[in-house]
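A.B. asks: Dumping the structure here so I can ask a few things about it.
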Amino acid sequence: MRPGDLLGMSLGNYGRARLRSSLTTAGVAIGTALVVLLIALATGAEDNVRRSIFSIGDLRLVTVQPFQPGANGLSAVPRTISDDTVAKLKGVAHVEGVYRQFDAPLGMVVEGGDDATIRPQGIEPGAPVDRGDLLAGRHIEAGDHAVAVIPGNIARLVAASAGAAVGRTVTMRVGGAVKLGSTRIGGSGTPRDYAVKIVGVFDEQASQTSFRIPLDDALLAGAENRGLTPESVRETTGYSGLAVEADDSTNVADIVKAVQELGFSSFSLKQVVEQIDQGFGVFKGILAGIGGVALLVAAIGIANTMVMSVLERTREIGIMKAVGASPGDIRALFLAEAAYVGVFGGVLGLALGLAGGQLIDRIIRQLNPRTNPAAIFVVGPDLALGALALALGVALLAGFLPARRAMRMSALSALRYE
């Protein structure tokens, strides 16, 4: 029997019992729609989380902290990050840059009777923390001294706008008591005033207290606060942290391992993303399992439909075998009928899933309107094709035993069947 004849006969048999075929197809469609809907919503949630993480920083960065690996909280054991540490990290494979950071004691910026608590943060030119978030002015450059890049909220204490604050000179007071809200708390050391020129203003969403100044200026302020020299601070206290930049995010794990081998703790957004991917992978599996239960119920319906079809068409099967149809033809005929249920149910389920997802997306957007909301419901080609393949696979699996029963049926007994 030719493939075209088999497909034509199977399609005719599918349409013969329309109500039963429609109900069975609807079961497959509901299961497929549930799988598409749940996984698409999970994918949209994952994309939104990943997008939020990407907005925080570069996945190529590894932050080195002055503690032993794995240390946290009260169990943290301090380690000194020295210039020797910097030199060793620069020699690690795939390291593109190492940037030092030193945090001077908390202080205040005083301007026009208003003051605000600040965290003087000494950084090097080109440091990752000083990229891409400028509202006005420029970043810290090589050779800079007594300059600062400040957040927008502090800039508005200095001038009417961020742009107007650039070029102004303000007093940075390091050490002593600082004000947190309406409360003043004791600080470290004797307060010292430093005149700094504002050269840039960054978006305060990154930080409302960070006062970015040249690394050497921060070391000097920290040393004078303790009655030391910058050189002794480098040797005893060391740097507050390092930002190590990889040439590619795929090499971050190797750099993290190298940092830990040197005896320091590290942090990377790349590791966070990988953990999120693992978590969402499990979450998607659970959701797919929930949809799979509906498909399992549909598979039972397909098997029941096919068994009834075999019983109802027993004499027809006997006639087909008597006129020369092979057992393989009989099996292919019934599997083709099951495949039609899977294909039609899969296509209908995909359409229902897309429509349901768009409806949920619209409702969520109306409840939480945003300027440019990210996609909440994401259906990629892999999910669409996977859902169709799953529906077809379930249908064929459910139809296998009834088709096998029809194939093995004796032609003589089938013709005698009443």
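The values are calculated or read from the model by the stated rules, or taken from the named source; none is laboratory data. In this text the structure is predicted, and so the values were computed from the model without any measurement. When we count neighbours, we look across all protein chains shown, and the Cβ atoms used for this are built from the backbone with ideal geometry, even at glycine. For the accessible areas, the whole protein counts, side chains as well, though only heavy atoms, and no ligand, DNA or RNA atoms are used. Shrake-Rupley method; radii C 1.70, N 1.55, O 1.52, S 1.80 Å.
A.B. asks: Restricting segment 68-81 to residues that are buried (at least 16 other Cβ atoms within 10 Å of the Cβ) and either touching a Pro at 6+ places or on another chain (Cβ under 6 Å) or at pLDDT 90 or above (or both), which is farthest from S232 (Cα to Cα)?
C.D. replies: R79
A.B. asks: Also, I was wondering about something else. I need the full set of residues from segment 287-298 which are surrounded by 23 or more Cβ atoms within 10 Å (Cβ to Cβ) and among the small types (G, A, S), in order please.
C.D. replies: Once the filter is applied, which keeps residues that are surrounded by 23 or more Cβ atoms within 10 Å (Cβ to Cβ) and among the small types (G, A, S), segment 287-298 yields G291, A298.
A.B. asks: List the number of the failed condition for G176; all other conditions in (1) part of a loop (DSSP other than H, G, I, E, B); (2) at pLDDT 90 or above hold.
C.D. replies: (2)
A.B. asks: Here's another thing I want to ask about it. Tell me, which helices (runs of 4 or more DSSP H) lie completely within segment 205-288 with 3 or more residues that are β-branched (V, I, T)?
C.D. replies: 252-261
A.B. asks: Let me ask another. Would you call T169 at pLDDT 90 or above, of a type in the set (S, T, N, Q) and either on the phi < 0 side of the Ramachandran plot or open to solvent by less than 60 Å² (accessible area, probe 1.4 Å) (or both)?
C.D. replies: Yes.
A.B. asks: Consider segment 235-252. How many of its residues are among the β-branched types (V, I, T) and either in contact with a strand residue (DSSP E or B) (Cβ under 9 Å, 6 or more places away or on another chain) or crowded, with 18+ Cβ neighbours inside 10 Å (or both)?
C.D. replies: Count: 3.
A.B. asks: Just the residues that are of a type in the set (D, E, K, R) and within 34 Å of the chain's Cα centre (by Cα), please, taken from segment 94-130.
C.D. replies: Correct list: E96, R100, D103, R119, E124, D130.
Yes or no, residue by residue, for (1) within 23 Å of D130 (Cβ to Cβ); (2) out of contact with any strand residue (DSSP E or B) (no Cβ under 7 Å at 6 or more places or on another chain); (3) open to solvent by 20 Å² or more (accessible area, probe 1.4 Å):
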{"residue": "R192", "(1), (2), (3)": "no, no, yes"}
{"residue": "S207", "(1), (2), (3)": "yes, no, yes"}
{"residue": "S210", "(1), (2), (3)": "yes, no, no"}
{"residue": "T229", "(1), (2), (3)": "no, yes, yes"}
{"residue": "D254", "(1), (2), (3)": "no, yes, yes"}
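A.B. asks: Can you list the strands (runs of 3 or more DSSP E) lying wholly within segment 84-152 that have 3 or more residues being closer than 23 Å to A246 by Cα and either in contact with a strand residue (DSSP E or B) (Cβ under 8 Å, 6 or more places away or on another chain) or of a type in the set (V, I, T) (or both)?
C.D. replies: 95-103, 114-123
A.B. asks: Looking at the structure I just gave you, is L157 over 30 Å from E96 (Cβ atoms), within 38 Å of the chain's Cα centre (by Cα) and open to solvent by 10 Å² or more (accessible area, probe 1.4 Å)?
C.D. replies: It is true that L157 is over 30 Å from E96 (Cβ atoms), within 38 Å of the chain's Cα centre (by Cα) and open to solvent by 10 Å² or more (accessible area, probe 1.4 Å).
A.B. asks: What single numbered condition from (1) outside any helix (DSSP H, G or I); (2) modelled with pLDDT under 85; (3) more than 29 Å from the chain's Cα centre (by Cα) fails to hold for R20?
C.D. replies: (1)
A.B. asks: Could you count how many residues in segment 116-144 are open to solvent by 40 Å² or more (accessible area, probe 1.4 Å) and within 17 Å of V201 (Cα to Cα)?
C.D. replies: So the answer is 11.
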